[in-house]
Amino acid sequence: MTAKPKIILGIESSCDDTSAAILVGNQIRANIVASQAIHESFGGVVPELASRAHQENIIPVVQAALNQAQIQLKDLDAIAFTQGPGLMGSLTVGTSFAKALALALDVPLVGVHHMKAHILAHFMDDASDAKPNFPFLCLTVSGGHTQIVQVNDALDMQVLGSTIDDAAGEAFDKAAKMLGLPYPGGPLIDQLAQEGNPTTFQFAKPQIPGLDFSFSGLKTSILYTLQGAEKNEPDFRQKNQADLCASIQNSIVSILMDKLDKAVKHTGIKTVVIAGGVSANSELRKRLLAKKENGWQVSIPKMSYCTDNGAMIAMAGSFYLAAGQTVGQDVAADPRLEW
Ligand code: KG4
Ligand code: ZN
């Protein structure tokens, strides 16, 4: 007799998206995301406003996920939530909610690492055409993280390289801010870059040894380019917006791809995937897919599983649960949760 598939509620509240999802086996039945537009005009996420919005959104979002999946609270086998890393106030809302609900329903509670969940998003039935085989390399690129991770197994991951300053998403967002674009600027740079020339402007390339990344030099180089050009042409930013976006995107994606190339050579692992918000970037997706010609096996999750979502938390929770890795009522949100 085959075991009944587990029904898991996944809750994500690490930054500015409140999300809840229902996973049945490896199948997502609902994945509801409430994004917080309130941060747009501030040029970045305002932590206090984010936690207030999570408080307002959490119950309606969970209710919507249950309704869409046609699942009742009594059907849940476990509750998975993002324990960290992230913003303390934001994480605390999801963590407290998950603890209270698990206590009330008397079901296991699973604390999930946000970045590991981005990686494990690849294992949902509808995430991509082909699931990666272990071991594989994952470039995790989000607003707060940029890493190359060797994934030996769902529960055995090793960070091979990390950013020493800004994350790739942060580099996109800060560059966008310099161009006068609202937060989050990454998707807007991607959109505007479609009409621009990626080789019009050349920015400084980081010289960081090994598999670590750096984006702070690029940021300074973009600023100097803008300030230099505006001495003679005050409306330079507006006039050259598309070419600037395309050139910035080209620089960031080249930095990422160069290190990924290096990691493949260093490890001999040719199965390569991407995860995290920046993996929604069209240029990064295009350049990674082109690597199939070099014999790489590439897997890219569908867009809705790239940016923050409860589905990936439920999926990661299902791996942890199967391994007996649950947490007690004494668990606390951890903004700097270790790998
Ligand atoms: O993983 P995520 O949704 O949240 C964090 O955990 O940080 O990632 C958000 C980041 C933001 O910096 C956003 O600008 C970036 O992902 N991003 C993009 C694109 N879509 C989202 N960056 C470049 N191109 C995109 N299409
Ligand atoms: Zn994320």
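From the Cα gyration tensor of the range 136-300, with a ≥ b ≥ c the square roots of its eigenvalues, which class applies: rounded if a/c is under 1.5, or else prolate if a/b is larger than b/c, or else oblate? Verdict is prolate for the range 136-300.
For the range 136-300, DSSP calls about 60 percent of its internal beta bridges antiparallel. Along the range 295-300 the Karplus relation, 6.51 cos²θ - 1.76 cosθ + 1.60 evaluated at θ = phi - 60°, assigns HN-Hα couplings of x, 6, 9, 10, 9, 10 Hz to successive residues, with x for each Gly and Pro.
Counting only DSSP H runs of at least 4 residues, each contributing -39500 (n - 2.57), and dividing by the residue count of the chain, the helix-based mean residue ellipticity at 222 nm comes to -12500 deg cm²/dmol. Taking amide hydrogens as placed 1.01 Å from N in the peptide plane, the amide H of residue 271 sits under 5 Å from those of 137, 297, each at least 5 positions away in sequence or on another chain. The modelled label-to-label distance for the pair residue 129/residue 153, using points 7 Å beyond Cα in the direction of Cβ, is 3.1 nm.
Averaged over residues, the count of other Cβ atoms within 10 Å places the peptides 149-162, 111-124 in the sequence 111-124, 149-162, highest first.
Extension gain for the segment residue 42 to residue 195, taken as residue separation times 0.36 nm less the Cα-Cα distance, is 52.4 nm to one decimal.
Near the amide H of residue 327, within less than 5 Å, lie the amide hydrogens of 109, 110, 111, all on another chain or at least 5 residues away, with H placed in the peptide plane. The range 57-134: percent of C-alpha pairs farther apart than 14 Å? For the range 57-134, the fraction of Cα-Cα distances above 14 Å is 70 percent.
The portion of the accessible surface of the chain made up by carbon and sulfur, rounded to a whole percent, is 51 (1.4 Å probe; DNA, RNA and ligands excluded). For the residue pairs 116/174; 177/262; 74/99; 205/292; 239/286, the alpha carbons lie more than 19 Å apart in 116/174; 177/262; 205/292; 239/286. Positive contributions from Lys and Arg (+1) and negative ones from Asp and Glu (-1), summed over other residues with Cβ under 15 Å from the Cβ of residue 263, come out at +3.
Solvent-accessible area per residue in the range 161-235 equals 52 Å², computed with a 1.4 angstrom probe and all protein chains kept.
Taken along its principal axes, the alpha carbon cloud of the range 117-233 reaches lengths of 55, 33, 23 Å, longest axis first.
Compactness of the chain, taken as the C-alpha radius of gyration over 2.2 N^0.38 Å, stands at 1.01.
The values are calculated or read from the model by the stated rules, or taken from the named source; none is laboratory data. Since we're looking at a predicted model, the values are computed, not measured. No Cβ is skipped: glycine too gets one built from the backbone with ideal geometry, and neighbour counts run over all protein chains shown. Just so you know, the surface numbers come from the protein's heavy atoms only, side chains and all, with ligands and any DNA or RNA stripped out. Shrake-Rupley method; radii C 1.70, N 1.55, O 1.52, S 1.80 Å.
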